[in-house]
1. Mind checking which helices (runs of 4 or more DSSP H) fall wholly inside the range 10-82 and carry at least 1 residues that are under 15 Å from the mean Cα position of the chain (by Cα) and either within 30 Å of Q92 (Cβ to Cβ) or without any contact (Cβ under 8 Å) to a residue 24 or more places away in the chain (or both)?
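The values are calculated or read from the model by the stated rules, or taken from the named source; none is laboratory data. Every value quoted in this text rests on a predicted model; they were computed, and no experiment measured them. Here Cβ is always computed from backbone atoms with ideal geometry, including for glycine, and neighbour counts include all displayed protein chains.
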Amino acid sequence: MSTQATDLATKKVFTTGEAAQVCKVSQQTIIRCFDSGRLQGFRVPGSKFRRIPRDELLRFMRDNDIPTDLLDGGRKRILVVDDDPAIIELFQDLFEADGRFETRAARTGYDAGMLTESFNPHLVILDYMLPDINGNLVCERLRERDNDTRVLVISGVVNREEIDSLIGAGADAFLRKPFDLDELMNHVNTMLGVRAAGLNGHHG
């Protein structure tokens, strides 16, 4: 990745020119969207310069089906949904150390729904038994929202019928607890369409 692209991936506030570069449209298009209110931001005091916060630019891009890869720095977004803090920590340590992924965590189905809207994950790793709702409902809500997000359900207490109903509700794959980390990463790599990185010194 070029230095310029890296800079854009880490910026918090964008000029109209930078926003145009990220969205791959003309600067005039960005200015028109800004002036019409379709793209929110602020003007620099005492000048005509427009500025657009990162979160707002991401929202605008998603609303208009513009790929956000440049802002993501090419990293895949993974949302971990589990009420066990130890499991969340395990996943976050594993994925952040890998370098190809950006992770967020939720401990309830409600939080998962909120984060899905703001974080727009490529993959959701979902515990079947959550404190407020079960995995089927989370899968169904994800599918109502979009069909791009992949869902990997993880649980230790399900039978074949429950697995089938999860797949029917929109889950893409299932992994039983306790799971092997190499097996988990194979699932993640396959579902996200990324090449396997060396884990524990070998390629899986």
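1. Details: elements: 16-23, 27-36, 54-63, 69-72.
In the range 10-82, 54-63, 69-72 are the helices (runs of 4 or more DSSP H) which contain 1 or more residues that are under 15 Å from the mean Cα position of the chain (by Cα) and either within 30 Å of Q92 (Cβ to Cβ) or without any contact (Cβ under 8 Å) to a residue 24 or more places away in the chain (or both).
Yes or no, residue by residue, for (1) buried (at least 18 other Cβ atoms within 10 Å of the Cβ); (2) assigned by TED's automatic domain parsing to the domain that holds D127; (3) over 30 Å from N134 (Cα atoms):
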{"residue": "V13", "(1), (2), (3)": "no, no, yes"}
{"residue": "F49", "(1), (2), (3)": "no, no, yes"}
{"residue": "P53", "(1), (2), (3)": "no, no, yes"}
{"residue": "D93", "(1), (2), (3)": "no, yes, no"}
{"residue": "T103", "(1), (2), (3)": "yes, yes, no"}
